[in-house]
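First up is the structure itself, then whatever we jot down about it.
The values are calculated or read from the model by the stated rules, or taken from the named source; none is laboratory data. The structure presented is a predicted model; accordingly, all values stated were derived computationally and were not measured. Glycine gets a Cβ as well: all are built from the backbone with ideal geometry, and neighbour counts include every protein chain shown. SASA here: full protein model, heavy atoms, side chains in, ligands and nucleic acids out. Shrake-Rupley method; radii C 1.70, N 1.55, O 1.52, S 1.80 Å.
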Amino acid sequence: MAERTPLVAANWKMHKTVAETEAFLDALLPRVAGLGPAELVVCPPYPSLAAAVARCAGSGVRVAAQNMHSEPEGPFTGEIAAPMLTELGVDAVVLGHSERRRLFGESDEALARKVQAALEARLTPILCVGETDAERDAEQTEAVLRRQLEADLAKAPDGTLAEIVIAYEPVWAIGTGRNATPDQAADAIAFIRSLVAQRDDAAGKTVRILYGGSVKPGNAAEILGQDGIDGALVGGASLDPDDFSAIAAAASA
């Protein structure tokens, strides 16, 4: 079995000012110093990215943006481009979160261009995929995951697939307090891995696949202990440094 370094990412969504970001990291970094082996990523809002990069320098904690445009520049009011992120020292970006898909109409075609642009800019894409409750109830989970991944990775060369981090986030478990059972999460993640392996067998073994959906300190060990789950994309619980460090410790156990 390929060795895959666990990864735990804190998706703060539209939370935390610059001052709050600095205070959070001042509290978090001593808690996770030397924790290993999990790789930690914080994903602040755009205005706090520079502060996060400065605070995390030398700590091993990476900083990711929550979205980006596929073009390097242009007349796209309100958007941000990969070169702007890399200039700040950001080295990863969340793409395709269900809130972006549902609330802002982000399409798989647009995501394919964003994944390609992130790879070309040497930003690690954290690509989110997952089904709604209606799709799961209709037994369409695998069909949805196949459709999303085939489209979202269409412009990513086979040789780059292992560089992408994929987050399985069942939409019905995000911010609801509901969770996929460990078996449901593991089955979906195994299917995602098989889809990547169909493109490139080596990448199927090495690509990191996270679970995202109401991960908390109380359930992290059970979820992250499942074979094939390589970490977590954490939402609400990532806003508290104690909770996030507890999840990070579970991933490192």
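Taking the condition in contact (Cβ under 8 Å) with a residue 40 or more places away in the chain, aliphatic (A, V, I, L, M), touching a Phe, Trp or Tyr at 6+ places or on another chain (Cβ under 7 Å) and surrounded by 16 or more Cβ atoms within 10 Å (Cβ to Cβ), does LEU40 pass? No: the conditions fail for LEU40. Residue count for the stretch 164-192 satisfying the condition of being open to solvent by 40 Å² or more (accessible area, probe 1.4 Å) and part of a loop (DSSP other than H, G, I, E, B): 6. When the stretch 193-208 is examined, which residues are found to be in a helix (DSSP H, G or I) and among the charged types (D, E, K, R)? Answer for the stretch 193-208, where residues must be in a helix (DSSP H, G or I) and among the charged types (D, E, K, R): ARG193, ARG199, ASP201, LYS205. Pairing residues of the stretch 193-210 that are farther than 15 Å from GLU142 by Cβ with residues that are among the polar types (S, T, N, Q) and surrounded by fewer than 21 Cβ atoms within 10 Å (Cβ to Cβ), at Cβ distances under 8 Å and at least 6 apart in sequence or on separate chains, gives GLY204/SER194; GLY204/GLN198; ARG208/THR5.
Report whether or not LEU161 is of a type outside the set (Ser, Thr, Tyr), open to solvent by less than 20 Å² (accessible area, probe 1.4 Å), assigned to a helix (DSSP H, G or I) and modelled with pLDDT of 95 or more. Judged against the criteria, LEU161 is a match.
Starting from residues that are at pLDDT 95 or above and hydrophobic (A, V, I, L, M, F, W, C), keep the ones in the stretch 198-219 and report whichever is most open to solvent (accessible area, probe 1.4 Å). Of everything passing the filter in the stretch 198-219, ALA202 is most open to solvent (accessible area, probe 1.4 Å).
If you go through the stretch 130-144 and keep only what is in a helix (DSSP H, G or I) and closer than 22 Å to VAL8 by Cβ, you end up with nothing. Taken as a whole, the condition of being more than 18 Å from GLU120 (Cα to Cα) and of a type outside the set (Phe, Trp, Tyr) does not apply to GLY74.
May I ask you to verify whether LEU195 is out of contact with any helix residue (DSSP H, G or I) (no Cβ under 7 Å at 6 or more places or on another chain), open to solvent by less than 60 Å² (accessible area, probe 1.4 Å) and modelled with pLDDT of 95 or more? It is false that LEU195 is out of contact with any helix residue (DSSP H, G or I) (no Cβ under 7 Å at 6 or more places or on another chain), open to solvent by less than 60 Å² (accessible area, probe 1.4 Å) and modelled with pLDDT of 95 or more. Checking the stated criteria, ALA156 turns out to be among the aliphatic types (A, V, I, L, M) and surrounded by 18 or more Cβ atoms within 10 Å (Cβ to Cβ).
State whether the residues of the stretch 44-51 include one that is within 13 Å of the chain's Cα centre (by Cα), assigned to a loop (DSSP other than H, G, I, E, B), without any contact (Cβ under 8 Å) to a residue 60 or more places away in the chain and more than 18 Å from GLU163 (Cα to Cα). Checked the stretch 44-51: at least one residue is within 13 Å of the chain's Cα centre (by Cα), assigned to a loop (DSSP other than H, G, I, E, B), without any contact (Cβ under 8 Å) to a residue 60 or more places away in the chain and more than 18 Å from GLU163 (Cα to Cα). Within the stretch 209-238, the set of residues being assigned to a helix (DSSP H, G or I) and out of contact with any strand residue (DSSP E or B) (no Cβ under 8 Å at 6 or more places or on another chain) comprises PRO217, GLY218, ASN219, ALA221, GLU222, GLY236, ALA237.
Within this structure, LEU28 passes the test of being in contact with a Ser or Thr (Cβ under 8 Å, 6 or more places away or on another chain), assigned to a helix (DSSP H, G or I) and touching a residue at least 60 places away in the same chain (Cβ under 8 Å).
Somewhere in the stretch 68-77, is a residue closer than 21 Å to ALA154 by Cα and either among the β-branched types (Val, Ile, Thr) or open to solvent by less than 10 Å² (accessible area, probe 1.4 Å) (or both)? Yes - at least one qualifying residue is present in the stretch 68-77. Checked against the criterion of being among the hydrophobic types (A, V, I, L, M, F, W, C) and more than 19 Å from GLY36 (Cα to Cα), the candidates ILE247, ILE223, ILE209, ILE189 yield just one match: ILE189.
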